[in-house]
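Asks: This is the structure I want to talk about, given as structure tokens.
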Amino acid sequence: MALSGIQIYKLLPQTNCKECGFPTCLAFAMKLAAKQVELTACPYVSEESKAQLAESSTPPIRLVALKSNGYEVKSGNEIVLFRHEKTFYNKPGLFFRVLDSENPEAIKAKIAAADQYSVNYVGIDLTMDGFAVASVSGDPAKFANAVSAVRQVSKRPLILMSRNPDILAAGLRPVDGETPLLYGADASNWEAMADLAAQHKTALGVIAPTLEGLADLTEKIKTKGVEDLVLDPGGRTFGSGLTLGTQIRRLSLKKNFRPLGYPVIAFPGDAGDPSLEPMLAAQAIAKYAGFIVLDNFSPEAVYPLLVLRQNIYTDPQKPIQVLPGLYEINNPKPEDPVLVTTNFSITYFSVANEVEGSGLPAWLLVTDAEGMSVLTAWAAGKFDAERIAKAVKEFNVAEKISRKRVVLPGHVAVLSGELEEELPGWEIRVGPREAVDVPAFMKTAL
Amino acid sequence: MPIEIPTDKWPGSVRSATIGATADQGGSRARTVTVGGEKTLPFMHFETEIPNPPIIAVEIRDRRPDDWSPLLLQVWGEVINDPATWAQAAEQAGADLIQMTLSLVDQAGNPTTPQGAVASVKAVLSATGLPLLVYGPGQAEVDNELLVAVAEATKGERLGLGLCEDKNYRTIVATALANGHLVTARTPMDVNLAKQLNILISDMGFPMDRILMDPTTGALGYGIEYGYSAMERLRLAALQGDGMTQLPMIVTPGFEAWKTKESKVGAGVPEAWGDWAARAVNWETLTCITLLESGADIVVLRHPESLRRVRAAIQDLMAVPQVA
């Protein structure tokens, strides 16, 4: 757990020698707490203090990275239980599982489709993070073939799944030099699994039916020099998944309980009801999973999951915004309409996508509403007639158009009177409330 | 190694609210629903008992909603031409509660009259034994006119009337007070605005155990994270003892999700969005489960398949896990 400036100060020499470049040890301690300087700047700190400070700066949930040629999926390093307390940092990796009992050509077809999948959300291209290959055949050669098949069509990081170390060793051959996750170690195979993970420098999944059992196992595995661990505490239902995910997160953050200070892996398909898999995966995104392995890949399920992950992991202190300005859509001419909206990026993209999709040219005047949506900004007094008039002037709208007319979002129809006063000589029109209705409005009413 | 699970012991708790009244209680409902009463965060059975499960309401209209997604119009079919048959179908689909929104104009284009609104509400009350929330069309003057008539004609039924907003709540609260109903208080995704409206309503002498708080939410992809965090903060404030946040929360994932292009539209969208019907239900259910995790006590849905899936999730979340 991170120490406060005062706690760090107590570990410093307290001589105010100034050799670190700061006037007092307390000032230096404050900078250390804010992670703005390195402890090495102090020449006199004791070895004992160094050890304590190093321990305290270790994150309560270890960062585990799975790597392959050119790709990396990171999980862990989280510091809060609720996103509003700070933010969630490392989005859980979204994996898709195939079985080695399937025909290699069928595996290739499935993986290729999922590997190439990409969907654009508010200007960001979202994709799957990697793939899991599970041994159900019990045959090392078959497993290795399945891994090879996946590698032929995707370069993304892998999770190799078997409780048999010999099978995993076979599966590792086609991916030599990568850092996959081996899944996994349980009470009966942990020594061989830990040796294999140490030898190949991979991450290792740890499986136990109780938190106590899980903690015992991670401690034992650590003695073998394997530290990049991923926890599977069981919990395949909504209730048990939520409970275990919460308990592990709390133990890590509130108690700094190292034996469970690792990312958690979730298998929403294991509940056995494909219709509930997306909801179970959604719960795993909000409630603390670090890696999520799906058994069903379909764009209609993956798209909402990728969007949810993006939403939950957005920094609450920094609303995603676009730059205020006058945007040109479909090459507008001076006579084309001016539509007004706010600079909240979801709002901007909703409107811009609709207008773009309609093929109709328009000027989109994005007003600085401090990154809020139309209704929220209006309620907060950040999207009013004054601000809209200011944007009209600031971005020289009058010089670019021939018809002095602006269209307001329907939700702020109430602003039209005031805006007429702010912009004498302009025609103020009220458009639809929802972006989806903008094209129809443009065709029929403008 | 023995592990001590960190548990939270909260000084505060959420009030419980009962919607609907049976014949014995002065109404005509076959059953009532009670929500709220939580003494900890959602579904933390290992800390304390969770007294009431979240409730699933189904949204209906007093007339066929032609602007709804064709997927919804298809799945409900003919029943939506009449609020009474629609309410029955919603009950058969497994709803705990009906939420009916009155329209500005009727099918023929004439403004909805107070008599018309009362007739629709009475028809629904006769057709189903479930408790009922009745919302106006969303224009202050019309809402007040219609809801006062409805409240008076259904005295003692313990309906939920809405929506109370900071610019228009007095008339609705007054008639709910006089006629023994509840109110829904809606504010736009902000802890302090929610508190403020609850204070204004309780300042009118309205009992706190008859207020449902709608903190508003965005759909998945359209600001759900704001609603999600506002709800987590409201629930934490309630548990920490802030009396003006200790109300059950009602949210409308159905309305929000079906407003999005992802749910509403099937043609002219990116191929990467996948199958329309499946995507639309995923949009509604993923919005819903996320809000359940952040403290929703009542979720208002639109699609029967969403209802089935959310029911399964709630049953699972309310079962005390063996791991605890």
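Asks: Grab the beta carbon distance between A:Asp139 and A:Thr40, set R0 = 51 Å, and tell me the FRET efficiency rounded to 0.05.
Replies: Plugging the Cβ-Cβ distance into 1/(1 + (r/R0)^6) gives 0.45.
Asks: Shifting gears a bit: Mind checking Rg over Rh on segment A:325-445, alpha carbons, Kirkwood formula for Rh?
Replies: With Rg and the Kirkwood Rh in hand, the quotient comes to 0.92.
Asks: About the Cα centre of segment A:325-445, how large is the charge dipole given +1 on each Lys and Arg Cβ and -1 on each Asp and Glu Cβ? Please answer in debye to the nearest 20.
Replies: In total the dipole reaches around 200 debye.
Asks: Roughly how crowded by other chains is peptide A:282-290, in terms of the mean Cβ count from those chains within 10 Å of each of its Cβ atoms?
Replies: Partner Cβ neighbours, averaged per residue: 4.
Asks: Further question on the same structure: What is the helix-to-structure angle for A:47-57, meaning the angle in degrees between its Cα long axis and the longest Cα principal axis of chain A, kept from 0 to 90 and rounded to the nearest 10?
Replies: It is inclined by approximately 50 degrees.
Asks: I need to check one value: relative contact order of chain A, counting alpha carbon pairs closer than 8 Å and at least 6 residues apart, in percent.
Replies: It rounds to 11 percent for chain A.
Asks: Measure nothing but the geometry: give the 0 to 90° angle between the long axis through the Cα atoms of A:140-153 and the longest principal axis through the Cα atoms of chain A, rounded to 10°.
Replies: 20
Asks: For segment B:103-193, would you read off the P(r) tail past 16 Å as a percentage of all alpha carbon pairs?
Replies: The answer is 52 percent, as a whole percent.
Asks: Still on this structure, please answer the following. Translational diffusion coefficient of segment B:17-158 at 37 °C, 0.692 mPa s, Stokes-Einstein with Kirkwood Rh over Cα pairs, in µm²/s as a whole number.
Replies: The diffusion coefficient I find is 202 µm²/s.
Asks: Just the C-alpha atoms of chain A: what Rg/Rh do they give, with Rh taken as the Kirkwood radius?
Replies: On the Cα set of chain A, Rg over Rh gives 1.08.
Asks: So, one more: Using only the Cα atoms of the protein assembly as shown, what are the Rg and Dmax in Å?
Replies: Gyration radius and largest Cα-Cα distance of the protein assembly as shown: 28.4, 86 Å.
Asks: Could you pull out the longest piece of chain B with no exposed loop GluC sites (Glu not before Pro) in it, calling a site exposed if DSSP puts it outside H, G, I, E, B and it has at most 14 other Cβ atoms within 10 Å?
Replies: Here the longest segment lacking exposed loop sites spans B:50-324.
Asks: Follow-up. Counting partner chain Cβ atoms within 10 Å of every residue's Cβ in A:241-254, what's the average?
Replies: If you average over the peptide's residues, the count of other-chain Cβ atoms is 4.
Asks: Further question on the same structure: Contact order normalised by length for segment B:194-278, with contacts defined as Cα pairs under 8 Å and 6 or more residues apart; what percent is it?
Replies: 29
Asks: Can you give the convex hull volume of the alpha carbon atoms of segment B:197-244 per residue, in Å³?
Replies: Convex hull of Cα atoms, per residue: 75 Å³.
Asks: Of A:Lys91/B:Lys167; A:Lys254/B:Lys259; A:Lys91/A:Lys254; A:Lys91/B:Lys259; A:Lys74/A:Lys318; A:Lys393/B:Lys264, which sit over 31 Å apart, Cα to Cα?
Replies: A:Lys91/B:Lys167; A:Lys254/B:Lys259; A:Lys393/B:Lys264
Asks: Given a Förster distance of 60 Å, report the FRET efficiency between A:Ser57 and A:Leu323 from their Cβ-Cβ distance, rounded to the nearest 0.05.
Replies: E(calc), rounded to 0.05, equals 0.95.
Asks: Here is a further query. How do A:Ser118, B:Ser306, A:Ser137 line up, fewest other C-beta atoms within 10 Å first?
Replies: A:Ser118, A:Ser137, B:Ser306
Asks: What area, in nm² and to one decimal, does the C-alpha convex hull of segment A:22-82 cast on average over all directions?
Replies: Value for segment A:22-82: 6.5 nm².
Asks: Please say if chain B is rounded, prolate or oblate, where rounded means a/c under 1.5 for a ≥ b ≥ c the square roots of the C-alpha gyration tensor eigenvalues, and otherwise the choice is prolate for a/b larger than b/c and oblate otherwise?
Replies: oblate
Asks: Less than 18 Å from a label point 7 Å out along the Cα-to-Cβ axis of A:Lys201: which backbone N atoms in segment A:173-192 qualify, by residue?
Replies: Counting backbone N atoms under 18 Å from the label point, the list is A:173-182.
Asks: On to the next question. What's log10 of I(q)/I(0) for segment A:5-57 at q = 0.25 Å⁻¹, Debye sum over Cα points only, no solvent?
Replies: -0.95
Asks: What are the principal axis extents of the Cα atoms in segment A:186-270, in Å, biggest first?
Replies: Extents along the principal axes: 37, 31, 19 Å.
Asks: For segment A:64-312, what does the alpha-carbon gyration tensor say about shape, rounded, prolate or oblate, given a ≥ b ≥ c as the root eigenvalues, a/c under 1.5 as rounded, and a/b over b/c as prolate?
Replies: Here segment A:64-312 falls in the oblate category.
Asks: For chain B, what relative contact order do you get, as a whole percent, if you take Cα pairs closer than 8 Å and at least 6 residues apart?
Replies: In percent, rounded to a whole number, it is 21.
Asks: Oh, and also: Could you work out the percent of alpha carbon pairs in segment A:88-149 separated by over 14 Å, rounded to a whole number?
Replies: So the portion of pairs separated by more than 14 Å is 60 percent.
We did not get these values from a lab; they are worked out from the coordinates using the rules stated. Everything numeric in this text was worked out from a predicted model, so none of it was measured. No Cβ is skipped: glycine too gets one built from the backbone with ideal geometry, and neighbour counts run over all protein chains shown.
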